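What follows is one structure encoded as structure tokens, with my remarks underneath.
The values are calculated or read from the model by the stated rules, or taken from the named source; none is laboratory data. For clarity, every value in this text was computed on a predicted model and none was experimentally measured. Because the Cβ atoms are built from the backbone with ideal geometry, glycine has one as well, and the counts that use them run over all protein chains shown.
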Amino acid sequence: MSTLGVIAGREMRLALRNRGVLISALIFAVWFPVMSALGIAAGAGEDAAAVAGAIAAITLPVGVFMGYLFCADAFLREKRDGTIETLHCTPVYLRRLWEGKAAGVAVPAYLTTLLSAAVTVAAVSTLSGAPVATEPLLLLHLAVVVPVWIVAAAGLIGAAQLALGMRENQILGFVFIFGFIFLIAGLQGIVSGGPGISATTEAVLAAVGIALLALARVIAGKVTKERIIRTIP
């Protein structure tokens, strides 16, 4: 098995064993769509494209938040307990360590986001009667755009958590998550040609997500082991 696979598998197992984070994620994954379903159904009516667009608009911020939720424990945990110092002694490049961690936390974040999307679709379909589950652009959104943004969010936040001290991370964590949400809302407002989901919007969101992921990889490559050691409390 590759080094990336070993690191990612370890992070996935740790994430699934962390009951506190997992319960918080599951509660948010169910509570948020149930609270949003009534508003979506009332605003979009029986227009399947409009309903799909509304579901896509709320699913992406949910995915980013899930990435932040799982990522916060993966990177900061090892700074708090000093495990990161031991990992530095292994023959693993820092960027590969970051890649494995980001990929590992992205998997449970993506699964809980899919659960949230399924609950949203079921609730909205029941209330509006619109067959949104068969909308191809919504399926593309969930299969491509959402995971790219989740990995990008986890990667950017993880790189920042490696490079910054504990106090700075407490502040910048909220800045990152709200920054992602405002960016998503701004892109959807500027690009979308109407209330429904569109191929143009999905293409732009996918391109921006890939660009953010590339930026996260560059930032992670600039972080040094010495920098990380100096930020350990």
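Among the candidates 172, 215, the residue that is at pLDDT 80 or above and either under 18 Å from residue 60 (Cβ atoms) or part of a helix (DSSP H, G or I) (or both) is uniquely 215.
Listed by first and then second residue, the pairs linking a residue in the range 1-15 that is touching a residue at least 40 places away in the same chain (Cβ under 8 Å) to a residue that is assigned to a loop (DSSP other than H, G, I, E, B), with Cβ atoms under 8 Å apart and 6 or more places separating them unless they lie on different chains, are 3/92; 7/92; 9/1. Being at pLDDT below 70, of a type in the set (D, E, K, R) and under 29 Å from residue 202 (Cβ atoms) is a property that residue 81 lacks. When 34, 62, 30 are screened for being among the hydrophobic types (A, V, I, L, M, F, W, C), at pLDDT below 75 and within 22 Å of residue 142 (Cα to Cα), only 34 passes. Cβ-Cβ distances below 8 Å connect no pair with a first residue in the range 103-126 that is surrounded by fewer than 24 Cβ atoms within 10 Å (Cβ to Cβ), a second residue that is among the polar types (S, T, N, Q) and modelled with pLDDT of 90 or more, and a separation of six or more residues or different chains.
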